[in-house]
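Notes follow the structure.
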Amino acid sequence: MSSVSISTVFEPARAERDESRRPPGAQRGHHLRMTGRSSSHYTRVARMAAHHLEVEFEFAVVDDLLALTPHTFAGHPGLKIPVLHVGDVAIWGTEAICGHLRRLSGAPAQVLVMPAQIDDHVVSNAQELVWQAMQAQVQWRLGVSIGKLPPDHAYFRKVQASIEGILAWLDARVVDLLERLPAPREASVFELTTFALVDHLRFCPTVDVRRYAQLCQFADRWANRPEARLTPYAFDRQPSPLST
Ligand SMILES: N[C@@H](CCC(=O)N[C@@H](CS)C(=O)NCC(=O)O)C(=O)O
């Protein structure tokens, strides 16, 4: 039995297409399917990237995050989302998916700056911390919210301390970090992931993100962008305790 619902919400490219951004025919002939959940911050990064890059895709929802078969996760052997299918080819990992989408879109590098383009160790450190906090949020959600393990266990106290430490570090530097990113640019994976992390902490409050004023201001600004407005966090179908 498949737990991937091909409810196939078709997510068209943004209406205000700027044809100068990509060569005519980019993406032509490729059928794209993104498998994930609307409540998943990694999935949101990939969906925002696709919308920003004006790449059309079909969105397939995974129903059971605790399933133990790759089949449930669109063939991902590590049982993770998101997965991007380009025809029969599967791409795993949010960063790789963003890079693949950018190549498919034909957009130049400054439309979506990838971590590999960053030549600044402070920004690279910041990106590493954002990925780490996103994974810590998954650990907490799977362990405490879903697995009902005790939040005061030493393991989860460390997970929480790690998220708080990262948020404090980022909060003290986010203004500087944005200036250090390559310019001009339209967007970057660093900004997409930082926004998705902060907004996810509002949606599923593992820690009180309101304590981090600079990060909240950054997230408030990003929340107005079309790719953010098109991908709000939500629990797909019936609210499920299995959502992260
Ligand atoms: N390194 C992966 C991590 C993806 C990830 O952890 N996704 C979460 C959903 S937000 C997930 O699949 N959780 C289920 C699990 O960890 O078992 C990526 O970059 O895509």
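The values are calculated or read from the model by the stated rules, or taken from the named source; none is laboratory data. Please read all numbers here as calculations on a predicted model, not as lab measurements. Note that we place each Cβ from the backbone using ideal geometry, even for glycine, and neighbour counts take in every protein chain shown.
Conditions tested, residue by residue: (1) near the ligand (Cβ under 10 Å from one of its atoms); (2) buried (at least 23 other Cβ atoms within 10 Å of the Cβ); (3) assigned by TED's automatic domain parsing to the domain that holds Glu95.
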position	(1), (2), (3)
Arg33	no, no, yes
Arg37	yes, yes, yes
His41	yes, yes, yes
Ala50	no, yes, yes
Leu53	no, yes, yes
Asp63	no, no, yes
Leu66	yes, no, yes
His76	yes, no, yes
Leu79	yes, no, yes
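Tell me whether the stretch 97-107 contains one or more residues that are assigned to a helix (DSSP H, G or I), in contact with a Lys or Arg (Cβ under 7 Å, 6 or more places away or on another chain) and small (Gly, Ala, Ser). Step through it out loud before you land on a result.
Step one: filter the stretch 97-107 for residues assigned to a helix (DSSP H, G or I), giving 97-105.
Still in the running and in contact with a Lys or Arg (Cβ under 7 Å, 6 or more places away or on another chain): 105.
Next, only the ones that are small (Gly, Ala, Ser) stay: 105.
Yes, the stretch 97-107 contains at least one residue that is assigned to a helix (DSSP H, G or I), in contact with a Lys or Arg (Cβ under 7 Å, 6 or more places away or on another chain) and small (Gly, Ala, Ser).
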Looking only at the stretch 176-186, filter to residues that are more than 21 Å from the chain's Cα centre (by Cα) and assigned to a helix (DSSP H, G or I); which one of those is nearest to Cys216 (Cα to Cα)?
Asp176
Trp169: touching a helix residue (DSSP H, G or I) at 6+ places or on another chain (Cβ under 6 Å) and free of Cβ contacts under 8 Å to residues at least 60 places away in the same chain, yes or no?
no
Which condition from (1) under 22 Å from the mean Cα position of the chain (by Cα); (2) over 20 Å from Lys80 (Cα atoms); (3) charged (D, E, K, R) is the one that Asp152 breaks?
(1)
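With the structure loaded, tell me whether Val198 is under 12 Å from Ala126 (Cβ atoms), in a helix (DSSP H, G or I) and of a type outside the set (S, T, N, Q) or whether it fails that test.
Details: under 12 Å from Ala126 (Cβ atoms): no; in a helix (DSSP H, G or I): yes; of a type outside the set (S, T, N, Q): yes.
Against the criterion (under 12 Å from Ala126 (Cβ atoms), in a helix (DSSP H, G or I) and of a type outside the set (S, T, N, Q)), Val198 does not qualify.
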Every listed condition ((1) crowded, with 18+ Cβ neighbours inside 10 Å; (2) closer than 21 Å to Thr43 by Cβ) holds for Phe156 save (2)
Single condition Gln127 does not satisfy, out of (1) farther than 30 Å from Asp64 by Cα; (2) in the same structural domain as Asp220 (by TED's automatic domain parsing):
(1)
Name the residues in the stretch 91-119 that are surrounded by 17 or more Cβ atoms within 10 Å (Cβ to Cβ) and within 12 Å of the ligand (Cβ to nearest atom), would you?
Ile91, Trp92, Gly93, Thr94, Glu95, Ile97, Cys98, Gly99, Pro115
Name the one entry in Glu164, Glu128 that is within 15 Å of the ligand (Cβ to nearest atom) and part of a helix (DSSP H, G or I).
Glu128
